[in-house]
Each structure stands twice: as structure tokens, then as C-alpha cells.
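Working notes, structure below.
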2 protein chains.
Amino acid sequence: MTAMTLLPLSPRETARRRLLDALRREGPMARVEIGQHLGVSPASVSDLTASLLDEGILVAEETADPASGLIRGRPKTRLYFAETLGSVIGVWTGFNRIELRLVDSAGRNRASRHVERPLRSLGAEELMDVLAGTITAFAEETGARDVKAVGLACQGYVDTKDGIVAWSPVLGARDLPLASGLGDRLGKPVLIENDASAMAFAITQRNSDLRSGRTACLMVGDGVGLGFLIQGELYRGARFGGSEFGHVRLRRSGPQCRCGGRGCIEAYLADYALHRDAQLIDHRPAPTLLLPSEGAMGAIVAQARAGDPALLNLFQAAGEVLGDAVGILIQTLEPDHIVICGPGTRAMDLLRPSFEAALDSQTIPELRALAAIHVVESSMDLLTEGVVMQALRELDLDLARLKAA
Amino acid sequence: MTAMTLLPLSPRETARRRLLDALRREGPMARVEIGQHLGVSPASVSDLTASLLDEGILVAEETADPASGLIRGRPKTRLYFAETLGSVIGVWTGFNRIELRLVDSAGRNRASRHVERPLRSLGAEELMDVLAGTITAFAEETGARDVKAVGLACQGYVDTKDGIVAWSPVLGARDLPLASGLGDRLGKPVLIENDASAMAFAITQRNSDLRSGRTACLMVGDGVGLGFLIQGELYRGARFGGSEFGHVRLRRSGPQCRCGGRGCIEAYLADYALHRDAQLIDHRPAPTLLLPSEGAMGAIVAQARAGDPALLNLFQAAGEVLGDAVGILIQTLEPDHIVICGPGTRAMDLLRPSFEAALDSQTIPELRALAAIHVVESSMDLLTEGVVMQALRELDLDLARLKAA
DNA sequence: TTGTTTTATTCATAGATCGAAGAAATGACC
DNA sequence: GGTCATTTCTTCGATCTATGAATAAAACAA
């Protein structure tokens, strides 16, 4: 699945996308409501929905809206995605874990699962075999019928347009044509995306405030990533990748990072880093870079909350790095919104004092005041949600172009 | 002059702007050439140019293109800006210097000048009186007839849309309504812009490669600023300002910066910083934050090139900071082009070894390779060129809307 | 049955762009 | 000098998108 989103869209395609996006976010709507929601005339909505009904993408709901029982006038006929359109699978690949999600064409969750599986040591072909196998097994287990596309999110610099992983610390890959490799194995279109971008997309889809202006979503979890959106659309750098902000070096000789460098933001804040450093405090065996379980991370956080001074130091240092990172974002991009998200927010109470001190100490107060900072508690499955939404959008376009041809 | 550029433009206005921009960049062109240049049909060009000729913005050249003497067929009639449209003044305000430039409506330079004048100590009203006086005097000296607008660039966070300087280290201003204040005094529309953004705009207007994709222009001079462009249009943060990348803190307890903080990028790289630190080496009197003359800076560079070890250390540290700064830009924004520009490039030979070492040591090689780094030697007068171009663009829009009303 | 109200569609219009046909202005050639 | 070829520019009709206004549709209310 070449990400056609990134190529210029015709006015019709843009309008169509806006309509379908709104329906996925808001649920079934009548034509009038769609018009009001999008700021478009009823005539245009009628025209657009006529094509979409004709193509079988939308269907009119049989049952009337129960809430409208008391109002008189012609009842609304709400429109929604046809059940017969099939489903889409979203995947996230971490250092040693694969998360999977099955959704229908409306984006509603049907099943989700995760599998523990180290991926770093695998060669390119083996990696793609394992992923294809895992996805196929998931589809079979869940009885997924008619899977139309697969979306996959992973850490690293991902060329979403051409479907190539240019660089990834968790896959150990260089210029890996993952989309075509998986696509060939599965016989379906595959869209790939940077994981922080995927989560940022999911979060902004859920909050309309974050879709206007500029929103920087800093995801803290397995790694640290940045998803940056301008007017609700993901920012793309050279080769249409996202950002590798997590691998900005903040301290010249800091702890080891998965990328091979030292002192990266990620090397202080990511789960693997906190877990490793907590192990070192207890003089445990050689640290690994594996993604620790949520249970293990919860134990560390609980121990810190209980007052363990060494662990408190760890979180204090991490909070300081987080403050420095957000400070750089503010002074560089001056976003309207900064969202701190991902599993790492579980320890936000421990991070916050040093986070705010570091942030305030290095930003110009007038500029600091312009950015609203949101903390959104979100787990890894928001990643699969984000990438699945993107795959659905691409599918919408494919269907339109299929009809046109 | 409320910067209407930042409000959504109608399709007609967008087409009109693209046409006039192309004419200013390329010089007089025939309609066919414009069509080829912009990728637009001859019919559309005819339509647009008819309005522009009608409005008196463009005129057809009387003299035929001498190069086309040998070719047969109907000769081209080249179009260009009417001489009668008046002129525009561009201004840059530094810490203790004002640069001025007068251009005609085609953007051609007519006169330029600079004035030494400390501005930091002035109050808001006094500052605007001084600026208005300087601009009026410049207009009189140069015999500028019919000045239609003024563009002013300065350091700091500038709300270009509403014409307010939200924060500026050189003006000591907070939320200063500079555009309206100057506009009232001069009786003309005034556009204000961050200085690094203005220079970035001028540089990208001169090089078409830099107008596609994402271009980050790091200006090193009186201060350090970032102008970031996406597809040739300036990136705007919250409140429609640019970036204050120069005040990103790189070293936790580095040298004093004009912004009041310590260890900012600017505090190592700006002319005032290098000059101050060079003075300190020689145990000269208390350092000031004044902008040193080009002569003084040239002397320091010459002395370093001659092998002065203390000065070489200074430039080595500055180069390292430059490398760190560019590294952050690459990993955060992954631009297609990075331009290092401004008077600071005069010492690029001294900066380069430590610059490249620092850059390579902290960027992921695969990502580092995606960004082309350009060094553009450019003096302060490219700043006034940039802001004058922007004021001209606004004027184009004003004229169109005047006719429409 | 006849209105009233709200929803949805149809239709004519406006704006923008384009391809193709035609008009204009010149040199080439006999 | 007259005709033709060639290139530039304009005009005209067609297409596409979006809209307001008029119309049709589907209910409830009296």
C-alpha cells in the first residue's frame, strides 16, 4: 500500500476523506449533521454521500434515531459504514513484543492481542516471515473475515510513502522494504508508519482541540518518539518519515541508548532505560534492552512512590530530561499543544517536579506560556489504533480510485 | 498591515501570488513563459494577467526581447511591474544598529543604508519614535517617492499576523504593538517579521531547490535564529511567530545570553558572544552585548586564522555548538535542506572541523545523510531583502482586495 | 385531511481551470 | 509583395466543485 495520502489529493478526494474521517470519529450521523460538522452545504453532502452509498461504502441505518422520537418533521436517516466492507489489522512491533488489533471498516475494535517475541536478532527475511505468520495466526484465531489491509507501526525512521524502514533501533534494519515484503507474504496492502506518529494521530483524532494549530505529541514508552501534527495532519520530514526526536542527544556522556549513541532523550526516559537503571541499582545481572512488562514497570514505580531514594533519583533525572526535551520543542516549534503520552505517563507524578523545574529554567516565560501541555495516559494499544486508522484512510482512497478507473 | 498572508487565500489570490512571486524572482516574462514556469495553462495566464494589467500592477514591455530576434512567429510581449506603483522600505533593527533598504515594486534595490543607534535602553514610545524618524529621514535622503509600505525585521518572537512583538531580547519588549505603532506614525501599512525568518525567505526565494520540501535556515549573526520553510512557505508556530531556536539551551551552565539565560546556542555563536569572549581573553574592559562592527569581527577571525590558540579554542567551541544545533534540527525535523547563513559564515573555515565532528557524533548516519547542508554567505542586508519581499506580497494582496471592494 | 416542520434532493449559478479553436503578429520563402 | 508557417495570445465551451434556492419527501399535529 503506497501511502497515497502523501500525494496531492483532488478536491473531491479531500472532501470525501473529511467526511469519512468525521463518521469514524463521531459515529453514525445524518446528512444535516455531517454538513454542520464539516461546515459544508447540505447540497454538497448529498452529492458526496450519494456516491459513497452507491459504492457500498456507507449504508443508511434502518432504525431511526431513538432520541428524535419527540421531534416532528422528516426523521434523520443516519449513515454509517457498511458491515460488509471487511476488516483491517493493526500491528505494533516493539523490541520483544508484537501488539495486534482487528477493527472493522468503521474503525471499531473487534479483537486485540499481544505476543512476546524478540525480533532484534532476526534477519530481514526471517523477520518478515515471523511478522506475516503472527498476523495470519491472529486473523485465524479471531475469525477475522475478509481482512482488507494491514497497518504496521514500529520505532525508527519509516518512509511511509514508499513503505521502507530507513532505520530502526528495534528491528536492526537499514532500508528494509517492509511494506512490500509483508504485502507479498500476506497478499494484502500493508501501510507502515513510525509508532509515535501513529499514536499522535490516534490522540488527535480523539480530541478536536488538538487538530487545529500545531500539536507535538511526545510518546514515552518502549522508546521515546515524537509525532508532530500541523492542522491535524502528520508532519513528514525528508523521505516522508517522521521525527527521531527521541534520539536527540541531551547529555554528552549519558547512558547507553538502543541507537548506539549515548545521552539520548530515550536513554533516560524509555521503559527499557528506567528498568535497566533500576536493575543496576540493585546490582542485578547484566541489563538488557528488552521491553519490561507493565507489571515490572508498575513495581518500580510503586517502590519509588514508597520512597526508595535511589529510584526517586532515577525518576528525578528522567523528569529533568523530559523538561529539557519539551523545552527544546517549545523554543524550536512553538506548538499550540504539547501532549505527553504513552505508558511512561504512569509515573508522571514522580517526573513532574523536576520536569517543571527543568522546563521553566530553560524556556522564555512568554513563549512557555503559549504552549498548552496535556498529559494523556495512553497504553501501547493506542499505537495500533493510530496505524489502523491510517490504513483505513488509505483503503478509502483505494476504493474511490478503483471506482474511478 | 495585518499580514493577510496568514489567513486563508482564495484560489484566485493564490494563483495571483504565485504569478507575481515568479515575476519578482525571474524578472520580466512573456505569458507563455509564465505558464511553463508555473505549470499552468496559457488560458489561465491570460485571464490572470488581464486583471493585473487592468489594475495597473503589471505593464507590457514596449521593447521586444532582443534574444528573440532570430525566431519567427508572433514576438513575445514580456510583462513586468509598473514603474508607477511606488516603493517599499525594509528595515532591520539590531541591538545597536538599524539597516534600511528601499526597493521598487518589482523588488529591485534602489538604496540602502545603515545607522548606528542603541535601541535596547529605549521605552516603547521612544523606540517607535526613533524608528519612525529614522525611516522618514531615510526616505527623504534617498528621495523615495510614494513609499507604499514598510517591512521591519527584528530578533525575537514576532506575531506577524497581528503585528505584535511578543518578546524580543534586543528591543527589551513584551507584547509591543510595533506594526500599529509604526503604522500610525508613518501613515503607512507596516509588516513585522522575525529576522531569521526574513533571511530564510530571501534565501529560498533565490534558490528554487530550497523551495521544495522542508528547509531549515540557521542564521548566525547578531544573534542566532531559525527560519523554517515547508514547500517554500514560512512555518509559523503559536501566535503565528517563528522559532526561537537560538535560545535553546545546549549547555546547562554556559555563557550568559542576551535572553537572560545561560548556555543558549546564541551565547556561543552570535557575533556579540564571540566578540565578548575574545575581549575577555585579552582582559579587556567589561564586555557589552553590543553588535560589534564587521571590522572588529574580521580582526578576530584574522587573528584566529593566524593561529591564536585562545581564539581558535573559541571558534572550536562555537563550531561544536553549531554541530549540536544542526544535529537537533536533523533528528527533530529531518529537513531536506539545512542552510547555514548570515554574517557568522565568515568564520565557517574555523568552525567546520568541530562542527562536523559534533554533528556526526550525535546523529544517526542514515538520517544525517538525508539532509543536504548548504553554507550561504550572506550579510545583514539579506534580512531587509527578505522582509521587503514579504511586505510587497502583502501589498499585492491589498491591491487585489481594494479592486474587489 | 390539511398544515407544519425538518430532512434530503434537484437545479441553476458561480468560480476556477483547461483544451481546442481562432485571432494576431511576425519571419520565411517564392 | 503576397502567401504561408510559426509562435503568441485570446476566446469559447466544457468540466469540476461547491453553493443557495426551490422542491420533494417524510414524518407528526390538529
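The values are calculated or read from the model by the stated rules, or taken from the named source; none is laboratory data. Being a predicted model, the structure only gives us computed values, none of them experimental. Note that we place each Cβ from the backbone using ideal geometry, even for glycine, and neighbour counts take in every protein chain shown. These accessible areas exclude ligands, DNA and RNA; they are computed on the full protein's heavy atoms, side chains included. Shrake-Rupley method; radii C 1.70, N 1.55, O 1.52, S 1.80 Å.
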### Task
For A:Lys403, list the lysines whose Cα falls under 22 Å from its own Cα; do not include residues on the same chain fewer than 8 positions away.
A:Lys148, A:Lys188
### Message
Taking the Cα centre as origin and putting +1 on Lys and Arg beta-carbons and -1 on Asp and Glu beta-carbons, what dipole magnitude results for chain A, to the nearest 20 debye?
### Response
400 debye
### Task
Please work out the average accessible area per residue across the range A:208-378, using the 1.4 Å probe convention, and give it in Å².
34 Å²
### Message
Give me the inter-chain shielding for B:329-340: mean count of other chain Cβ atoms within 10 Å, whole number please.
### Response
5
### Query
Hey, what's the Kirkwood Rh for the protein assembly as shown if you take every pair of different alpha carbons, in angstrom?
28.8 Å
### Query
Going by accessible area, probe 1.4 Å, with all protein chains left in place, what is the ranking of A:Asp129, A:Asp195, largest first?
A:Asp129, A:Asp195
### Task
Specify the inter-centroid distance of the range B:91-137 and the range A:16-40, based on alpha-carbon positions, in whole Å.
51 Å
### Query
Using θ = phi - 60° and the Karplus form 6.51 cos²θ - 1.76 cosθ + 1.60, what ³J(HN,Hα) does each residue of the range B:336-344 get, whole Hz, x for Gly and Pro?
6, 9, 10, 10, 9, 9, x, x, x
## Note on the structure
Between the residues B:Gly254, B:Gly307, B:Ile364, the Cα farthest towards the positive end of the dipole of the range B:208-378, that dipole coming from +1 and -1 charges on the beta-carbon of Lys, Arg, Asp and Glu, is from B:Gly254
### Query
For q = 0.18 Å⁻¹, what log10 I(q)/I(0) does the range A:180-321 give under the Debye formula with an equal point scatterer on each alpha carbon and no solvent?
-1.08
### Query
Using a 1.4 Å probe on protein heavy atoms, which residues of the range A:211-245 have at least 50 Å² less accessible area in the complex than alone?
A:Arg214, A:Tyr235, A:Ala238
### Message
Show log10 I(q)/I(0) for the range A:4-84 at q = 0.17, 0.20, 0.25, 0.27 Å⁻¹, two decimals, from a solvent-free Debye sum over equal Cα scatterers.
### Response
-0.69, -0.93, -1.35, -1.47
#### Entry: Sulfur and carbon atoms: percent of accessible area, the protein assembly as shown [1.4 Å]
53 percent
### Query
Ignoring ligands and nucleic acids, what accessible area does B:Leu383 show with a 1.4 Å probe (Å², nearest 10)?
0 Å²
### Message
Let me spell out the model: positive unit charges on the Cβ of Lys and Arg, negative unit charges on the Cβ of Asp and Glu, origin at the Cα centre of the range B:79-177. What dipole size does that give, in debye rounded to 20?
### Response
300 debye
### Message
Whole percent per 5 Å bin, from 0 to the bin with the longest distance: what is P(r) over all C-alpha pairs of the range B:333-405?
### Response
3, 12, 14, 16, 14, 11, 9, 8, 6, 4, 3, 1
#### Entry: Bins of 5 Å from zero: percent of alpha-carbon pairs in the range A:247-405
2, 8, 15, 18, 18, 14, 10, 6, 4, 3, 2, 1, 0, 0
### Task
Using only the alpha carbons of the range A:23-126, determine the length spanned along each of the three principal axes and report them from longest to shortest in whole angstroms.
64, 27, 25
### Query
In nm, to one decimal, how far is the modelled label at B:Lys403 from the one at B:Asp129, with both set 7 Å along Cα→Cβ?
4.2 nm
### Query
What is the distance in Å between the Cα centres of the range B:232-286 and the range A:356-405?
31 Å
### Task
Considering the options A:Pro42, A:Val388, A:Leu269, tell which one lies farthest towards the positive end of the dipole of chain A, charges being +1 on Lys and Arg and -1 on Asp and Glu at the Cβ, about the Cα centre.
A:Pro42
### Query
Do the sum for the protein assembly as shown: with -39,500 (n - 2.57) for every DSSP H run of n ≥ 4, divided by all residues, what is the mean residue ellipticity at 222 nm, to the nearest 500 deg cm²/dmol?
-13500 deg cm²/dmol
### Message
Am I reading the A/B interface right? What is its buried accessible area, both sides, 1.4 Å probe, to the nearest 100 Å²?
### Response
3300 Å²
### Message
Can you tell me the length gained on complete extension of the stretch A:Arg17 to A:Glu141, counting 0.36 nm per residue apart and subtracting the Cα distance?
### Response
41.5 nm
### Task
Relative to the compact-globule scaling 2.2 N^0.38 Å, provide the ratio for the alpha-carbon radius of gyration of chain B.
1.03
### Task
About the Cα centre of the range B:4-84, how large is the charge dipole given +1 on each Lys and Arg Cβ and -1 on each Asp and Glu Cβ? Please answer in debye to the nearest 20.
280 debye
### Query
Considering only protein heavy atoms, what is the solvent-accessible area of A:Arg25 at a probe of 1.4 Å, reported in Å² to the nearest 10?
70 Å²
### Summary
Between B:Leu312 and B:Gln256, Cβ-based FRET efficiency (R0 22 Å, step 0.05) works out to 0.50
### Query
Under Stokes-Einstein, with the Kirkwood radius over Cα pairs standing in for Rh, what whole-number D in µm²/s applies to the range A:71-125 at 25 °C and 0.890 mPa s?
171 µm²/s
